[in-house]
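The values are calculated or read from the model by the stated rules, or taken from the named source; none is laboratory data. Source: prediction; values computed, not measured. FYI the Cβ positions are ideal-geometry reconstructions off the backbone, even for glycines, and counts take in every protein chain you see.
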Amino acid sequence: MRKDITSPKRTAIVTGGSSGIGRAFVASLHRGGWQVVTCGRDAGKLAGLAKDFPGIHTHLCDVGDKASVEAFVDLVSSVHHDIKLLINNAGGMRELDFTQPDLLRQDLTQEIRANLEGVINLTAGLLPMLRASSPSHIIMVSSGYGLVPVTRAPVYSASKAGLRSFTKALRRQLKGQGVTITDVAPPAVDTPAALGYQGKKISPQHVAELTLAAAMRGQEEVYPGETRWLPWMMRLAPRWIENLVAKS
Ligand SMILES: NC(=O)c1ccc[n+]([C@@H]2O[C@H](COP(=O)([O-])OP(=O)(O)OC[C@H]3O[C@@H](n4cnc5c(N)ncnc54)[C@H](OP(=O)(O)O)[C@@H]3O)[C@@H](O)[C@H]2O)c1
């Protein structure tokens, strides 16, 4: 298991590596000797990341924009070979109140584009390379809110539920082709995105380490921290857990 993580020549693509959980994945892979390629929308943040982790490759790409993803895939496939790991991490969450007026004038589907369409497009673009260098791995960073929706962020919850569904079907399509898919459903994680959240948070490093180890052994799902109870509670007391998570 550790042998794969520490392999010197293998390339890992991490979306959204400049902050939070993505940055923790980059740090862990960089330490393990991987060639790391990452992307984001903010050139300044990427430049800072490249300074902190010498040798990594950073590129501008908005995963919520299909043309941007196509350009990123073209660039990656022309420069990097032996891609063994894709980590679909980039994404964000906004609170949206559908009882407010004039909602249609707002961008309501940003999370669908970044958290779901972005993953679908990038995975489709890189799958030929992942299959060519099998055994290889894909990590999908979903969320506990993908199992049970939170009331204050309905579109985000829908994007992550959609991602989990996409992951399950894709895993079946890829059966026997040497590409494993690991879905990680974190609870609240201590990242810039969760600054305003006052409840218990786990560290992004813990999420990254746990998930990488699970992915390397082909584990299908990872539930760090408090989400480890979710699948059980969904069976034992679904109404109770739905009410609890809805208000979190
Ligand atoms: N933090 C939590 O509590 C928590 C819990 C469960 C799941 N998650 C999931 O974990 C993932 C990472 O979240 P985080 O908390 O680490 O957030 P974060 O600290 O805000 O980092 C998000 C990263 O993604 C990049 N990004 C965001 N939108 C992007 C886009 N459209 N295209 C390209 N890059 C983009 C950001 O860079 P730029 O801004 O420069 O683009 C940044 O590097 C997300 O998918 C999130 O839904 C987080």
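Considering only segment 140-191, state which residues are among the small types (Gly, Ala, Ser) and buried (at least 21 other Cβ atoms within 10 Å of the Cβ).
Listed by number, the residues that qualify are Ser142, Ser143, Gly144, Gly146, Ser157, Ser159, Ala185.
What pairs come out if I take residues in segment 229-248 that are touching a residue at least 24 places away in the same chain (Cβ under 8 Å) and pair them with residues that are assigned to a helix (DSSP H, G or I) whose C-beta lies under 6 Å away, six or more apart or interchain?
Leu230/Gly144; Ile241/Met233
Is it the case that Gly125 is within 23 Å of Val207 (Cβ to Cβ), at pLDDT 95 or above and not hydroxyl-bearing (Ser, Thr, Tyr)?
No; evaluated as a whole, the condition is false for this residue.
Identify all residues within segment 172-201 that are over 19 Å from the mean Cα position of the chain (by Cα) and within 14 Å of the ligand (Cβ to nearest atom); write none if there are none.
Selection gives Gly196, Tyr197, Gln198, Gly199, Lys200.
Which one is modelled with the lowest pLDDT, of the residues in segment 194-244 that are of a type in the set (Asp, Glu) and crowded, with 16+ Cβ neighbours inside 10 Å?
Residue satisfying both the conditions and the ranking: Glu226.
Mind checking which helices (runs of 4 or more DSSP H) fall wholly inside segment 153-248 and carry at least 1 residues that are within 29 Å of Thr99 (Cβ to Cβ) and among the acidic types (Asp, Glu)?
Result: 238-246.
Can you tell which of Thr109, Thr123, Thr99 is free of Cβ contacts under 8 Å to residues at least 12 places away in the same chain and either surrounded by fewer than 21 Cβ atoms within 10 Å (Cβ to Cβ) or of a type outside the set (A, V, I, L, M) (or both)?
Thr99
Check whether at least one residue in segment 111-131 is assigned to a loop (DSSP other than H, G, I, E, B) and not aliphatic (A, V, I, L, M), and report yes or no.
No: zero hits.
State which residue pairs qualify: first residue over 19 Å from Pro224 (Cβ atoms) and inside segment 134-154, second residue within 14 Å of the ligand (Cβ to nearest atom) and assigned to a loop (DSSP other than H, G, I, E, B) in any location, beta carbons under 6 Å apart, and separation of 6 or more residues or different chains.
Taking only residues 6 or more apart or on different chains, the pairs are Arg152/Glu95; Ala153/Met93; Ala153/Glu95.
Picking from Glu95, Glu70, which residue would you name as being more than 18 Å from Ser165 (Cα to Cα), part of a loop (DSSP other than H, G, I, E, B) and not polar (S, T, N, Q)?
Glu95
Kindly indicate whether Arg10 is under 16 Å from the mean Cα position of the chain (by Cα) and not β-branched (Val, Ile, Thr).
No, not satisfied.
Do the conditions hold for Ala71, that is, is it aliphatic (A, V, I, L, M), more than 9 Å from the ligand (Cβ to nearest atom), over 16 Å from the mean Cα position of the chain (by Cα) and modelled with pLDDT of 95 or more?
Yes, satisfied.
For Asp62, state whether it is in a loop (DSSP other than H, G, I, E, B) and either over 16 Å from the mean Cα position of the chain (by Cα) or away from the ligand (no atom under 16 Å from the Cβ) (or both).
Answer is no for this residue.
Would you please name the residue that is modelled with the highest pLDDT, looking only at residues in segment 4-20 that are under 14 Å from Ala215 (Cβ atoms) and assigned to a helix (DSSP H, G or I)?
Selected residue: Ile5.
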